[in-house]
Structures are given as C-alpha cells and as structure tokens.
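Scroll down for the structure; my scribbles are underneath it.
The values are calculated or read from the model by the stated rules, or taken from the named source; none is laboratory data. Not measured: the values here are computed from a predicted model. FYI the Cβ positions are ideal-geometry reconstructions off the backbone, even for glycines, and counts take in every protein chain you see. Accessible surface areas use protein heavy atoms only, side chains included; no ligands, DNA or RNA. Shrake-Rupley method; radii C 1.70, N 1.55, O 1.52, S 1.80 Å.
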Amino acid sequence: MTLCSSLFFVASLTMAAKGATVFWEPMTYYNSQSWHKADGYSNGNMFNCTWRANNATFTNDGKLRLALTSPSHNKFDCAEYRTNFNTGYGLYEVSMKPAKGVGTVSSFFTYTGPTDGTPWDEIDIEFLGKDTTKVQFNYYTNGVGGNEKIIDLGFDASQSYHTYAFDWQPDSITWYVDGVAKHKATRNIPKTPGKIMMNLWNGTGVDDWLGPYNGANPLYAYYDWVKYTSN
C-alpha cells in the first residue's frame, strides 16, 4: 500500500518502526491538504439529507463536529469528512462520540467504489442513534455485504470519547473497542485501497434498521483524532 506521493510532505505523516507509514490527525482545524468536506449533493436512496461543508466544523476545544440540521421544513443537511488520499491494509483508529437520535447514523469507515473507478469495497464502524450502547461493524467486498455484527458496548458511546478501531489485513478484519478485540471476519475480505471517511446522516425507508427519524435536530457527532498505521 502506498499513499499519494505528494502527501508525504504533510506534517501528520511520519515513518514508524519497520517502515510503516503513520497518518495521525488531531481534529483541531480543517487541514485541506489531507481532508475534504462533502458539499452540495446527496447520496440519495436511504440518505435523507444533503451534504453541507458548513456542517463540518471545529469546536473551541479542538474537536471535529459533524452536524445534522434542518434548513427548512422536512429538509435536512448533514456532514461528511474524508481524506484526499487512499489507504490500504493497516490499523485504523478513531476517538469519537456519536450522535444520539432515532433514525440516524454516525460513522467511521473506509470506502472506494464506482465513482472512483474501482469496486465497491468498504469497512465500517457505525453507531445507530436509536441505541448508542451498541456499535455495528460491517464490510462490503465488490458490493457484497451482509456482514453486519452488533456489539453491546456496556456504556453509552454518545456520552464520552472512546477509541474504536479495525485492523485490516489481506485475510482478516479485526474490530476493537478501547483496545479490546470484539469481532473478527475472515471471509471475502476487501482488498481495494480507499478513503478514510466519517459522516452523520438521517435515513429514510430503512426504519427496520435505523428506526423512523422524527426530524429531531440539531444533532452532533464529535471526533477527537484519527490515526492510520500501514502494514
């Protein structure tokens, strides 16, 4: 796995022991060299909102805040933040606090797909706002999913920051909560490098999964830092 060559000049990229590449980003400001805010479009289908750059902001105490808001009756704006470069096998970590609200999702994941001219490969950490005492792990390989695993956390993730991670290897994905392994997948593992992404959105037509969104807003998901360590 390699990063785009130009990004080796970004301060947050360092070399670790044994030649691994480490990308570590404290979410204190908008680093446009490394990150991009989605703006002015919707993913459609189950996504009942429009991505707005203004909904990805930074708090005074140095956190990325993704917002779900309503500019007018029954219209909703949401937020998505992603890297400008692709990453592959390695360890992905985030310190975050998801939003609480039925019908919503707060996430940390990797993604690549047809818009990038690649297969749809994705690895997910998702919080369903209807019950933030649980986390959902999932992945897609060339568009094939059905790999959901829901884990009982033993705490309410929306109340404090915790570290969530997945270790993506050629033959497995292992998910962690606060450094403790919680789930491992070994079947049909993704192989295509993609972008590191975070988003907050409200769903439509997926009430059996998310529960019915009742329009409650504003809602916020917070991210303290992100780290990627390559193989």
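For the reader, a short list of remarks on this structure follows.
- Sparse packing (at most 16 other Cβ atoms within 10 Å of the Cβ) combined with a DSSP loop state is found for the following trypsin sites (Lys or Arg not before Pro) in the stretch 136-231: R187, K191.
- Coil-residue chymotrypsin sites (Phe, Trp or Tyr not before Pro) of the stretch 14-101, DSSP, other Cβ within 10 Å capped at 14: Y29
- Too-long pairs where the Cα-Cα distance tops 27 Å, listed order kept, from K191/K227; K182/K227; K37/K182; K37/K184; K100/K191; K134/K195: K37/K182; K37/K184; K100/K191
- Calculated accessible area for the chain comes out at 45 Å² per residue, all protein chains present (probe 1.4 Å; ligands, DNA, RNA ignored).
- Take every Cα pair under 8 Å whose residues are at least 6 apart in sequence, average their separation, divide by the length of the chain, and the relative contact order is 28 percent.
- At an R0 of 35 angstrom, the distance between the Cβ atoms of N54 and I150 translates into a FRET efficiency of 0.60.
- Highest-fluctuation residue, G205, G40, G215 considered, GNM on the chain with Cα pairs under 10 Å: G40
- When the stretch 123-165 is reduced to its Cα atoms, the Kirkwood hydrodynamic radius in Å: 11.2 Å
- Carbon and sulfur %, accessible surface of the chain computed with the full protein complex present, 1.4 Å: 50 percent
- Within a Gaussian network of the chain (alpha carbon springs, distance under 10 Å), most fluctuating of G88, G194, G44: G44
- D_trans [Stokes-Einstein, Kirkwood Rh over alpha-carbon pairs] for the stretch 76-200, 10 °C, 1.306 mPa s, µm² s⁻¹: 108 µm²/s
- Qualifying chymotrypsin sites (Phe, Trp or Tyr not before Pro) in the stretch 142-231, where qualification requires a DSSP coil assignment and no more than 16 other C-beta atoms within 10 Å, comprise F155, Y161.
- Most mobile listed residue (L210, L68, L200) in the chain, GNM with C-alpha springs under 10 Å: L210
- Convex hull (Cα only) mean projected area of the chain, reported in nm² to one decimal: 12.2 nm²
- In this simple spin-label approximation, V206 and H73 carry label points 7 Å from Cα along the Cα→Cβ vector, and these lie 2.8 nm apart.
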